[in-house]
1. Tell me, yes or no, whether region 29-43 has at least one residue that is in the same structural domain as Arg112 (by TED's automatic domain parsing), touching a residue at least 40 places away in the same chain (Cβ under 8 Å), assigned to a helix (DSSP H, G or I) and surrounded by fewer than 23 Cβ atoms within 10 Å (Cβ to Cβ).
2. Kindly provide the set of residues from region 312-338 that are of a type in the set (A, V, I, L, M, F, W, C) and crowded, with 23+ Cβ neighbours inside 10 Å, ordered by number.
3. For region 343-383, give me each residue that is on the phi > 0 side of the Ramachandran plot and either part of a strand (DSSP E or B) or without any contact (Cβ under 8 Å) to a residue 12 or more places away in the chain (or both).
4. State all residues of region 446-481 that are under 18 Å from Trp375 (Cβ atoms), part of a loop (DSSP other than H, G, I, E, B) and either among the polar types (S, T, N, Q) or in the same structural domain as Gly232 (by TED's automatic domain parsing) (or both); if no residue qualifies, say none.
5. For region 95-118, how many residues are touching a helix residue (DSSP H, G or I) at 6+ places or on another chain (Cβ under 7 Å) and either surrounded by fewer than 19 Cβ atoms within 10 Å (Cβ to Cβ) or under 24 Å from Ala383 (Cα atoms) (or both)?
6. Which one of Val401, Val386 is of a type in the set (Val, Ile, Thr) and touching a residue at least 40 places away in the same chain (Cβ under 8 Å)?
7. Pull out all pairs, ordered by first then second residue, where Cβ-Cβ is under 9 Å, the residues are six or more apart or on different chains, the first lies in region 57-70 and is farther than 10 Å from Val36 by Cβ, and the second is in a loop (DSSP other than H, G, I, E, B) and of a type in the set (Phe, Trp, Tyr).
8. When region 259-295 is examined, which residues are found to be modelled with pLDDT of 90 or more, small (Gly, Ala, Ser) and assigned to a loop (DSSP other than H, G, I, E, B)?
Amino acid sequence: MRLTSRVRASELQGRAWLNTGGQDLDLAALRGKVVVLDFWSFCCINCLHVLDELRPLEERFSDVLVTVGVHSPKFEHEADPDALAAAVDRYEVQHPVLDDPELTTWDAYTARAWPTLVVVDPEGYIVAHLSGEGHVQGLVSLVEELVAEHEARGTLHRGDGPYVPRPAPEGDLRFPGKVLPLPDGSFLVSDTGHHRLVQLDNDLETVRRVIGAGKGHADGDPGTARFTEPQGLTLLPEEVRAAAGYDVVVADSVNHRLRGLDLATGEVRTVAGNGVQRLLDEERARGAEPNHIDPAADPLDVALSSPWDVVWSARADLLIVAMAGTHQLFSFDPRTGRLAVLAGTGDEGLKDGPSAEAWFAQSSGLAEDSAGNVWVADSETSALRVLRFDDDGAVAVETAVGEGLFDFGFRDGDAGQARLQHCLGVTQLPDGSVAVADTYNGAVRHYDPRTGQVATLARGLAEPSDVLLDVSGEEPLLVVVEANAHRLVRVPIPAAAQRVDEGASRTQRARTKLAPGALGIEVRFAAPTGQKLDDRWGDPTQLKISSSPEEALVEGAGTAQGLRRQLVLADGVTEGVLHITARAAACDGEPGGEIPDHAACHLYQQDWGIPFVLDAEGDAELVLDLRGVN
């Protein structure tokens, strides 16, 4: 839906600019261009998806369009200018970025969710305001329309934009992601920033072998194969390797695929994923079961979404995949190729219970313990979770450390009060306790299930993204992937861990003031040009609403068709988080006409986690946009 009112875009204000060669930008400097403001945070998997979605748009319209990334941090660590600069390098962001640590520009444009896109025309007026992923098709149409309109007016200026690339760091590794010990004492590293795998000798420095020829997707020998931001690695059991025909499974995150590696030859093959980012199926928009994958499906025909880590579960006799992009855990059987959803509804948040009912939030690290439990570093809830398998094969999800999407910190002590900050890796220690790569705290933390206590093993690390128990020497040590230092280091396991309490925090994002009692929810949606709502089986729209804590909603929780809902907020709960998921299904076809046979159909979905506080003068209605380009 293109905005019809002419609203001037607010000025771009923040701490500093990146990717501009040291120059500050303002809207006057961008006049004459179509401008896409991308409000993002580098912790957010959906924001990373949008970065990739925008790349072809930026290339196609390079002389008339300028993307400006407005970095609006969720976590405290993301407000560190050095951390942001590293993220811009890591994710190969090729447009100007405004560092907005105080959320000044975020607030000026009334952003409510990561990611948010705002389109500004060449005369400086806002023409569209979008939330979530999947807007490229609509953006192409809108940019074409704006270019034609403003070229005719003489208000379009063609030519190069203000992007100036930053110098690339040098070294054998670039933002390494995960590490795997190999039987011969060497280590296999996902060299994420170089889009390849690197085998290191036991000294963690000497490169023995490189597998991968750079960014892209290709199977073949070490000099031919290509990856795009590979992450997790796991070695299959010997009998499974023999049946599967490969030894190591690689989570090829941006390619949305699982890859198989033959250690003897270095040959790489794709074993699961069709390369298309998985979105929740169209049936889910109609309330159907979201956790079903056809057991007979060819694994190469199944869409995955940003697989971030993999681990073999002896208890389940399956590979477990942290499917960060859909906030779920998948299982994969390399012997048969069968894929299934193991845990998680696809809703983003922290909710324990039976696996089919649990919520995760961008799970990014996995490890199996000696009892067969699988520990999960659940990054966006800054939580340590665990899967427990019973004798009948049922799986339950529990939270050991962590509170919710907006709660984090650096605090040791009792697990109920302890806090982490966007953790990415986990491993079991010799005594059965668990070490966690506490990434945004620059630390390795320690959780002991016997005592329920959290302690700090090491700190001062540069975004540790993985942690591994190393028993190759005389004493056990930890191997830590220090991503932003582009290296692996060994860290001793101290007899007495240091104790830290730097407090617990919530994201600095302002809480929405809501009036107690009745609250109207409206989600606005308009199908893009050339599409119409798919109403062949009834209302194709749906709202799913819940709250944290659950008792904050007296009425209105649950899933139902339609994009309007009346809620009643409890008087006794002063603050919380509203979890809102909106979905709509549309197919190619003209409004008012029939949907053609074999028409392409599309599911549009957006999830919001909206922190709120009750205030007598707060809003009695909340209006959100599912899609804003038509």
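1. yes
2. Residues satisfying the conditions are Leu319, Ile320, Val321, Ala322, Met323, Ala324, Leu329, Phe330, Phe332.
3. Gly353
4. Thr451
5. Within region 95-118, residues that are touching a helix residue (DSSP H, G or I) at 6+ places or on another chain (Cβ under 7 Å) and either surrounded by fewer than 19 Cβ atoms within 10 Å (Cβ to Cβ) or under 24 Å from Ala383 (Cα atoms) (or both) number 3.
6. Answer to the check: Val401.
7. Short answer, once both residue conditions are applied: Val70/Tyr109.
8. Answer for region 259-295, where residues must be modelled with pLDDT of 90 or more, small (Gly, Ala, Ser) and assigned to a loop (DSSP other than H, G, I, E, B): Ala264, Gly266, Gly273, Gly275.
The values are calculated or read from the model by the stated rules, or taken from the named source; none is laboratory data. From a predicted model like this one, the values you see are computed outputs, not experimental measurements. Every residue, glycine among them, receives a Cβ derived from its backbone with ideal geometry; neighbour counts consider all protein chains shown.
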